[in-house]
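The values are calculated or read from the model by the stated rules, or taken from the named source; none is laboratory data. Computed from a prediction, not measured in an experiment: that's the story for all the values here. All Cβ positions, glycine included, derive from the backbone under ideal geometry; neighbour counts span all protein chains shown. Ligands, DNA and RNA are stripped out before the accessible areas are found, and what is left, the full protein with its side chains, is counted by its heavy atoms. Shrake-Rupley method; radii C 1.70, N 1.55, O 1.52, S 1.80 Å.
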Amino acid sequence: MTGVRAAAVLVLMLLCISCGETYRPVATPIPPNPPSPELSHVVVVVSGNGSAHPGASTTIDVSGDTAVSRSTVGLMPVQAALVRNGASVYVPNSGDDTVSTFSPTSAVPVVTISLPAGSTPVFAGTAEAGAVYIANSGSNTVLAINTTSNVIEVPLSGVPVGVNPVYLAETPNQQYLYSANAGIGGSGGSVTSIDPVDRTVNSPIANATWVSPVSVLARSDSNRVYVLDQGSGLVSAISTGANAVVNSVSVGVGANFMAYDPTLNRLYVANPVTNAVTYLDASSDALTAVVIPVPNPVSVVALLDGSRAYISSAALTITSGVTYVTSSVTVINAPTGAIQSTIPLATVAKVCASNPSELSIAASADSSRVYVGNCDAGNVAIIQTLNDTLVLQMPAPLSAAFSSSGTPLPQNPVFVVAGP
């Protein structure tokens, strides 16, 4: 993909729940270089900065592996959505009930959208240019924000959904919006179908039994939506036209991450409990499964060229009472499902939350790079896919915390999501 500035933009974040308790950092603005007029591929890294200080975003030029812009977001950023053909990023900040929006290629301005008190936004998603939807786990609602005016659209109080909405998926044809509601304590979950045209709740999904859904994804043709239920260990296929579950297959209780590969029409599901990644053929409702043994899988991304998939892993060890995380990436030959290689990343003291926010992963639109937001290490690992080698570990912006030697520590990259 070519073009001036941002023809392809990726948003990179990894939620770090416990970092603030360890570092209590503060954002340190770093004057950015002006965006290169020849930028064509970028990655936006959003970093957490504890519960009391704003987070930050860093734009990385894919072709040069360099940071070209940095912005400030709200408290405890958790995820992001790329909208308006890559022109805007929307970041829900769970710590202050706000959403930050900005251009991925410019440090300022950053517009702050205030949500109703107690919203606790945790996810942003959309298939539209004119609106972005926010899942609010605190108020059990889904809000719509107009991407032109950056104001909340009706209903101003949000669309009521189930308990603890954590993930959203809108079908590409913009006819259906689904909210995966995880419930509390591993039970009481549900899935809500919303009409994005008038923002009303559709009738309950037939043939469905939910425990604690944690992810929902739409197939490219909009005819199927897939729900991962961590509590039941099932992936369920929903017929959008019939508004009914048409099949469910087991991927094991505890599975907590699901990714869709539109090139091979395949679902990847990571299960750290069973030490496996399962991929499902989404071309039919049979959802034929292939299981790949991978220790401690966290998240998965597939290259758009259809050649490989990359799985991040986090293994824990305890030494002298300190818990350490050893991170790595397993490379999968996508056509065969065989393990091709393993790329070691780092061994560091654990400071961040566990799966699936610890080592989120994304791939550039041209399939040349894979990015791993290493929350515990405070950096972004950049893998060159030409030879599957680690070429750089880019530190996040500095926080107010210092090491024992007096060196400033970085903030903690918080999530990885690929844009168009």
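Accessible-area rank, largest first, for F102, F257: F257, F102, with all protein chains present and a 1.4 angstrom probe. Normalising the average separation of contacting C-alpha pairs (under 8 angstrom, six or more residues apart) by the number of residues puts the relative contact order of the chain at 14 percent. Fully extending the segment from N223 to D281 would add 19.4 nm, taking 0.36 nm per residue of separation and subtracting the current Cα-Cα distance. Looking at the chain, the DSSP beta bridges with both ends there are about 95 percent antiparallel.
Computed packing ranks the peptides 335-348, 286-299 as 286-299, 335-348, most packed first, by mean other Cβ atoms within 10 Å. Once the chain from A289 to N85 is taken as fully extended at 0.36 nm per residue, the excess over their C-alpha distance is 70.1 nm. Ordered from largest to smallest accessible area (heavy atoms of protein chains, 1.4 Å probe), the residues I152, I318 come out as I318, I152.
The residues of region 181-241 expose, per residue, 37 Å² of accessible area to a 1.4 Å probe.
For region 69-115, the spherically averaged projection of the C-alpha convex hull amounts to 2.9 nm².
Counting charges near S283 (Lys, Arg +1; Asp, Glu -1) among other residues having Cβ under 15 Å from its Cβ returns a value of -1.
In this view, the solvent-accessible surface of Y226, computed with a 1.4 Å probe and all protein chains in place, comes to about 0 Å². Simple point charges give the picture: +1 on the Cβ of Lys and Arg, -1 on the Cβ of Asp and Glu, and for the chain a dipole about the Cα centre of about 340 debye. Dividing the summed -39500 (n - 2.57) terms of all DSSP H runs of n ≥ 4 by the residue count of the chain sets its mean residue ellipticity at 222 nm at 0 deg cm²/dmol.
Considering only protein heavy atoms and a probe of 1.4 Å, how much of the accessible area of the chain is carbon and sulfur, as a whole percent? Ligands and nucleic acids excluded, carbon and sulfur give 56 percent. The coefficient of translational diffusion for region 42-97, derived via Stokes-Einstein from the alpha carbon Kirkwood radius under 10 °C and 1.306 mPa s, stands at 136 µm²/s. Summed over all non-identical Cα pairs, the Kirkwood treatment of region 220-324 gives a radius of 14.5 Å.
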